[in-house]
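Enquirer: Below: one structure in structure tokens.
The values are calculated or read from the model by the stated rules, or taken from the named source; none is laboratory data. This structure is a prediction, so every number in the text was calculated from the model and none was measured. Glycine gets a Cβ as well: all are built from the backbone with ideal geometry, and neighbour counts include every protein chain shown.
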Amino acid sequence: MHAALDIRVPSDVQQIEAIVAQVVRRCREHRFDGRQLSLNVPVALTEALSNAILRGNGDAAGKCVRVRAEVTEMRLVLEVEDEGAGFDLEACTEDPTTPENLEREDGRGLFLMRSLMDRVERFRGDGNVVRLTLNRR
Amino acid sequence: MSLQVSKNGDVVVIEVDGQLIVGNRQELKQRVLDEAEGGARKILIDFARAGYIDSSGLGVLVSLAKRMRELGGDLRLANLNDDLQTLFELTKLDSLFQIADTRERALESF
């Protein structure tokens, strides 16, 4: 992917807000919709980053997360890569909105990514990659 | 994120300023638990100055609401902006919480 943003950051949840701010700024420059700037992009990217840091990298100090973002007039494509073994995206179908799951503290991350992005994919690159695509409205 | 805590009668009002996400959710959790430990049973979280909330932040709210109910108390929410309202509707958490348009209405509801 030819990326306008390509950074490698320490695997630390305290890095998330700064990365999100960089991506949102690029989307704003491409005149993305206000709701996409304030909700879809920040929440979905935060979920992808926290998954990568806490699950993919096991919250281990010393590991890194790579973030690539390609922003055009048409769409945003984000790739978040961790050093983990990956997971089966298709197998993660649990619905956090059912009555039996509603009071669970966890289990909403992937649901939010799927709800707020047009496409969520996972594949192997150098590491485990989650790709999020959002079409500009 | 920062938290402003005040009291209105027997209601502890906690105003969230900024994002409530994975890196700071424990601050809110600990603050509410500290207030509960000190005897508070009515907690209002005011999101008038909040940014976005991620799944970890939502999870903390769910967990705190459950804890307050176990203690015979209640945790309610106020001032969700359109983005936050959408998040609560998407996750159906709007059915789990009592949510008021304004702080005043929330305080009256206790």
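Enquirer: Looking at (1) among the β-branched types (Val, Ile, Thr); (2) surrounded by fewer than 21 Cβ atoms within 10 Å (Cβ to Cβ); (3) within 11 Å of chain A (Cβ to nearest Cβ), find the lone condition where B:VAL60 falls short.
Expert: (2)
Enquirer: With the requirement that a residue be under 15 Å from the mean Cα position of the chain (by Cα) and either within 14 Å of chain A (Cβ to nearest Cβ) or surrounded by 19 or more Cβ atoms within 10 Å (Cβ to Cβ) (or both), what does segment B:82-98 give you?
Expert: B:LEU84, B:GLN85, B:LEU87, B:PHE88, B:LEU93, B:ASP94, B:SER95, B:LEU96, B:PHE97, listed by residue number.
Enquirer: Here are A:GLY107, A:GLY58, A:GLY86: which of them is small (Gly, Ala, Ser), free of Cβ contacts under 8 Å to residues at least 40 places away in the same chain, more than 9 Å from every other protein chain (Cβ to nearest Cβ) and out of contact with any His (no Cβ under 7 Å at 6 or more places or on another chain)?
Expert: Result: A:GLY58 is the single residue among A:GLY107, A:GLY58, A:GLY86 that is small (Gly, Ala, Ser), free of Cβ contacts under 8 Å to residues at least 40 places away in the same chain, more than 9 Å from every other protein chain (Cβ to nearest Cβ) and out of contact with any His (no Cβ under 7 Å at 6 or more places or on another chain).
Enquirer: Only one residue in A:VAL65, A:VAL43 is crowded, with 17+ Cβ neighbours inside 10 Å, aliphatic (A, V, I, L, M), in contact with an Asp or Glu (Cβ under 8 Å, 6 or more places away or on another chain) and not in a helix (DSSP H, G or I). Which one?
Expert: Residue meeting the stated conditions: A:VAL65.
Enquirer: Yes or no: segment A:122-130 includes at least one residue that is within 12 Å of chain B (Cβ to nearest Cβ), charged (D, E, K, R) and assigned to a loop (DSSP other than H, G, I, E, B).
Expert: no
Enquirer: Right, here's the next one. If a residue has to be among the charged types (D, E, K, R), over 19 Å from A:VAL43 (Cα atoms), in a strand (DSSP E or B) and in contact (Cβ under 8 Å) with a residue 24 or more places away in the chain to count, how many in segment B:1-39 make the cut?
Expert: Matching residues across segment B:1-39 total 1.
Enquirer: Mind listing just one residue for me: the one in segment B:45-57 that is touching an Asp or Glu at 6+ places or on another chain (Cβ under 9 Å) and part of a helix (DSSP H, G or I) and, of those, nearest to the other protein chains (Cβ to nearest Cβ)?
Expert: B:SER55
Enquirer: What is the residue count in segment A:93-137 for residues that are at positive phi and of a type in the set (A, V, I, L, M)?
Expert: The qualifying residues number 0.
Enquirer: What's the number of the condition B:ASP74 fails, among (1) surrounded by fewer than 22 Cβ atoms within 10 Å (Cβ to Cβ); (2) within 14 Å of chain A (Cβ to nearest Cβ)?
Expert: Every condition holds for B:ASP74 apart from (2).
Enquirer: Is there a residue in segment A:78-92 that is at pLDDT below 95, on the phi > 0 side of the Ramachandran plot and surrounded by fewer than 19 Cβ atoms within 10 Å (Cβ to Cβ)?
Expert: Yes, the conditions are met somewhere in segment A:78-92.
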